[in-house]
Amino acid sequence: MTTRKKTPLSFSPPTLDTLLGGLSTQAFMKHYWQKKPLLVRQAIPGFGAMIDRQGLLDLACRDDAESRLVRQSRGRWQVEYGPQTLEGLKRLPKRDWTVLVQGVNLLVPEADTLMRAFNFIPYARLDDLMVSFAPTGGGVGPHFDSYDVFLIQGLGQRRWEIGAQQDKSLVPNAPLRILKNFQPEETWDLEPGDMLYLPPQYAHNGVALTDCMTWSVGFRAYPAQDIAMQFLIYLQDNLEIEGVYSDPDIKPTRHPGKIPGTMLKQFKAMLRAIRWDRKDIEDFIGAYLSEPKQNVFFDPPERPPAFTRFATQARQQGLQLDKRSNLLYRKKVFFMNGEHVEVAPEHIPTLRHFADARALAPGFSADETLLLLFHEWLCAGYLVLPRNSRRAT
C-alpha cells in the first residue's frame, strides 16, 4: 500500500508594495497608526495558510502553547484555557466556537517570517502572532483591544463589524470582556489575503461566515502602572545604599505606641538617598522592552560546539537570532533578552545590523571578542547557526 506524502504548506513573505495597499510606510504611520482603521484588499495576494486547521488544533493541544476555546450559545459564552485535547475538540458542534492560539510565531518559523514583515514598526512594540480557527458563527464577541492589531484573513471568510463608540460598558458576568451595547458603523467581509488594521480602543466584532482562519499580528501596550512597578523592582535589584537605622540617643517614652519623630526623620533621610538618573532610566527601559514573556523558555544546545569550531561555522554559515530572542539597542548600548550588553565601539555596527535584520550573513565582520559573545549567546540558546546559510541576510 502506497502512503501519499503530505505536501507542506508554502508561504512567501509579503512585500510592502501590497501589504499597506500602496501606501508608503510613512503615510501609514502618519495617517492611520493609532488613529483610524485601514482595510487592505489582497494585502498578501494568494495567502491561504502556512498551517492548516488540523495543524492549529494540534498546536492548541501542546503544553508549550497558550490557547483558548471560546464557545457561545444563545448569548451565553464559555472559555476553556489550554492545553486543549483532541478528543474534546472532536466533540465540538458544527458551528459557534473558535480556537485561538497565541505566540504562533514562536512555534511555526513561517509565522515568525510573516510577523517580521511589519518591521517598519519598532520590534520593541511587536508582541506576537495569534491564529484562530472558527467554523460558521465562531467568534469572541464585540470587544475593545488595548493594542494595535493587523487582522489577516487566511482560510475562508470572516465578517468584521467595527465602530468608534465611547460606550465601554460590558456584558455582566461574562468570561470575556464583551461590549454590552455594540454599535457598528462599518461592515466588511474579508477574503483570504485581505487585511484589516485596527488602532487601540476601536470596537470590533469578527464572525466566521465559513470555516475560517484569521492571523492577528498584535502589538504591545505598556500600562503606566506596570512600567512604574517594574522600574521599582529594577531599582531594588540595582540600588546600593549604605547605612543602618540606629538610635543611640533615644529617650524613654510614656507613649510606646507613638512613632518617634527622630525615627521618622532618619527614615526620611534614608529614603531620600534613593537616586536615579537618565542612564538608570534608559538601562531599565532597554532591559524591560527586551525581556521575553514569562512563558518563554530558551533551549540551550545539549552539546554546543567548542569556540574554535563555532567561530569557523559562524563565519561560513552566518548567524540567526532564535525566534524567541529580543535584541534591541539605544545609541551605543545593547540589550539581549533583558540583559544589558556593553561592547567595544568597533562592534557596534555589526550588532546593530544583527538587531535590525535578526541575522548575519556568512562572512560577517567580527573579531575574537565579538565571536566569544556570540558563542556565549549560542550556549544560552539565544542564537542559532542556520542550517541553510541562504537564510541569513
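Between Gln34 and Asp63, what FRET efficiency follows from the Cβ-Cβ distance if R0 is 45 Å, with the result rounded to 0.05?
Values: r = 36 Å, r/R0 = 0.79.
Result of the calculation: an efficiency of 0.80.
Normalised by the number of residues in the stretch 16-219, what is the relative contact order in percent for Cα pairs under 8 Å and 6+ residues apart?
The normalised contact order for the stretch 16-219 reaches 26 percent.
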Report task. For Gln157, list long-range residues whose amide hydrogen, built 1.01 Å from N in the peptide plane, is under 5 Å from its own amide hydrogen. Result -> Leu209, Thr210
Query raised in the report: Picking from Ser12, Tyr382, Leu89, whose Cα lies most toward the positive end of the charge dipole for the chain (charges on Cβ: Lys, Arg +1; Asp, Glu -1)?
Result: Leu89
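Can you work out the FRET efficiency for the pair Asp367 and Lys279, with r the C-beta to C-beta distance and R0 = 30 Å, to the nearest 0.05? Provide the component values of the computation, followed by the final result.
Details: r = 27 Å, r/R0 = 0.90.
The value I calculate is 0.65.
Among the trypsin sites (Lys or Arg not before Pro) in the stretch 236-297, which ones are in a DSSP loop with at most 16 other Cβ atoms within 10 Å of the Cβ? Mind listing them? If you can, show how the numbers build up before the last one.
Values: sites: Arg254, Lys258, Lys265, Lys268, Arg272, Arg275, Arg278, Lys279, Lys293; in loops: Arg254, Lys258, Arg275, Lys293.
Sparse-neighbourhood loop trypsin sites (Lys or Arg not before Pro): Arg254, Lys258, Arg275, Lys293.
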Query raised in the report: Helix 224-238 sits at what angle to the longest principal axis of the chain, using alpha carbons and giving 0 to 90 degrees rounded to 10?
Result: 50
Query - 27 Å Cα-Cα reach of Lys268 towards lysines, excluding residues that sit fewer than 8 places from it in its own chain - result: Lys251, Lys258, Lys279
Query raised in the report: Along the charge dipole of the chain, Cβ charges K/R +1 and D/E -1, which of Gly139, Leu59, Ala269 sits furthest on the positive end?
Result: Gly139
**Report entry** Label selected from (1) 19.7; (2) 20.8; (3) 29.4, the criterion being mean projected area of the Cα convex hull in nm² as computed here
**Finding:** (3)
Query - Under 5 Å, built H, 5+ apart or other chain: amide partners of Asp322 - result: Leu383, Val384
Requested in this report: With a ≥ b ≥ c taken as the square roots of the eigenvalues of the C-alpha gyration tensor of the stretch 16-219, please select rounded if a/c is under 1.5 and otherwise prolate if a/b is larger than b/c or oblate if it is not?
Outcome: oblate
Report summary line: The size of the Cβ-based charge dipole (Lys, Arg +1; Asp, Glu -1) of the chain about the Cα centre, to the nearest 20 debye, is 720
Query raised in the report: Are there GluC sites (Glu not before Pro) in the stretch 103-203 that DSSP puts in a loop and that have at most 14 other Cβ atoms within 10 Å, and which ones?
Result: Glu185
Query raised in the report: Check Leu170: other-chain or 5+ apart residues with amide H under 5 Å from its amide H, H built from backbone geometry?
Result: Lys180
Query raised in the report: Order of Tyr202, Tyr245 from fewest to most other C-beta atoms within 10 Å?
Result: Tyr245, Tyr202
**Report entry** Under the Karplus curve 6.51 cos²θ - 1.76 cosθ + 1.60, θ = phi - 60°, whole-Hz ³J(HN,Hα) for the stretch 312-323, x wherever Gly or Pro sits
**Finding:** 5, 5, 4, 5, 7, 9, x, 9, 9, 5, 4, 4
**Report entry** Derived scalar couplings ³J(HN,Hα) [the stretch 167-184; Karplus, 6.51 cos²θ - 1.76 cosθ + 1.60; whole Hz; x for Gly, Pro]
**Finding:** 6, 10, 5, 10, 5, x, 6, 8, x, 10, 7, 9, 5, 6, 10, 5, 10, x
Report summary line: Applied in sequence order to the stretch 199-209, the curve 6.51 cos²θ - 1.76 cosθ + 1.60 (Karplus, θ = phi - 60°) yields integer Hz couplings, x standing for Gly and Pro, of x, x, 6, 9, 5, 7, 9, x, 10, 5, 8
Query - Cβ-placed point charges (K, R +1; D, E -1), dipole of the stretch 257-393 about Cα centre in debye, nearest 20 - result: 520
Query raised in the report: Taking the simple approach of a point 7 Å from Cα along Cα-to-Cβ for both Val296 and Gln266, what is their distance in nm?
Result: 4.6
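Taking only C-alpha pairs under 8 Å that are 6+ residues apart, what is the relative contact order of the chain in percent?
Numbers: 683 pairs, mean separation 53.8, N = 393.
That works out to 14 percent.
Bear in mind these aren't lab numbers, they're just calculated from the coordinates by the rules spelled out. Since the structure is predicted, the reported quantities are computational estimates derived from the model, not experimental observations. Please note: Cβ atoms are built from the backbone with ideal geometry, for glycine as well, and neighbour counts cover all protein chains shown.
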